Each structure stands twice: as C-alpha cells, then as structure tokens.
Amino acid sequence: MKKILASLLCAACLAFAGSASAAVQEFGPADWRFTVDVPEGWTATAKDNGVQLTKNDQSTSFQVDVNPTEGKSAKELIDAMAKATGFTPSQEGEAWVLSGESDGVKINVVVNVNEAAGKFSAITLAGTDTDGMGKILSSLKVVNK
C-alpha cells in the first residue's frame, strides 16, 4: 500500500500527469476535465464532479472528485474532511493524505488543493487491488483546468 500511496502522491502533485491508453474515458466538471483508463474488470460511473471506478467483484474502489474550495484554505478543507470522516490527516509535500478504516477496509484519500483556481481534487482509494488502483492512477491526465 505504501508503494501505491507514494505513486498517488506523485500523481496528485503533478496534477494527474500520466499516460493514456486505448480505454480512455473523460470525466469531471466542465472546467476541470480529466481522462482515465478504465481497466478490464472495472466499471466507471460518471458523477457531476468526477468518477467512481469499482472493481466488478466489489473488492476495490477508486474515486476522483473535483470540488470548489468555497473560499476555504487547504488547512480548513482538510480539517473539515478529517472531522467528517474521523480519518487521520498528514501533509505529504503539496498534497494531504487522510487515512482511516471503514467496515474493516483501509481507505486513503489524497487531497490536492489549488487555492488560486478555487478547486480541490480528492482521490479516494479503498480495497485490496493495489495493482488495479496503480494502473488507474498512472493513466490520470488533466484535459483542462
């Protein structure tokens, strides 16, 4: 999990820079679109502000959300998320990581705040398929922001 978390932090700090492949799909709000490769055996469900990818056996979930900061600082956003989830926050470079557990499943949320743009992204990883999460992560790429 440390390997996938380290990869995730690098990707979040690089604004989702990554490679593309044949199964690329585009998601996100109109002003902050991104692409992601949906691996075989996974289902992508578009949301207004991002995407939820779920492994077909329901063992693993990978979610990307882009939301407005509503004038809050990174610290204020992280404190509110930590309070709402009960997860432990830590700062890793420019990104924040919230770590916790729900129903016996380890969950990590990596948050990258762009105060100048008034947006923040949250990548939530939950489950056991670290290889699948790594493939998804390495394919994330911002289209516009």
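The values are calculated or read from the model by the stated rules, or taken from the named source; none is laboratory data. Owing to the predicted nature of the structure, the values given are computational and were not obtained by experimental measurement. When we count neighbours, we look across all protein chains shown, and the Cβ atoms used for this are built from the backbone with ideal geometry, even at glycine.
Summary of computed values
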item	result
Number of the condition not met by LEU137 [criteria: (1) under 24 Å from GLN25 (Cβ atoms); (2) part of a loop (DSSP other than H, G, I, E, B); (3) modelled with pLDDT under 95]	(2)
Residues located in region 49-78, provided they are surrounded by fewer than 18 Cβ atoms within 10 Å (Cβ to Cβ), within 22 Å of ASP31 (Cβ to Cβ) and in contact (Cβ under 8 Å) with a residue 60 or more places away in the chain	GLN63
Hits in region 33-47 - residues which are in contact (Cβ under 8 Å) with a residue 60 or more places away in the chain and of a type in the set (S, T, N, Q)	THR35
Long-range neighbours under 7 Å by Cβ, at least six apart or interchain, first residue free of Cβ contacts under 8 Å to residues at least 12 places away in the same chain and surrounded by 15 or more Cβ atoms within 10 Å (Cβ to Cβ) within region 79-101, second of a type in the set (Phe, Trp, Tyr) and not in a helix (DSSP H, G or I)	PRO89/TRP96
From the options LYS55, LYS106, LYS119, LYS135, residue that is closer than 17 Å to ARG33 by Cα and not hydrophobic (A, V, I, L, M, F, W, C)	LYS119
VAL142 being aliphatic (A, V, I, L, M), modelled with pLDDT under 95 and touching a strand residue (DSSP E or B) at 6+ places or on another chain (Cβ under 6 Å)	yes
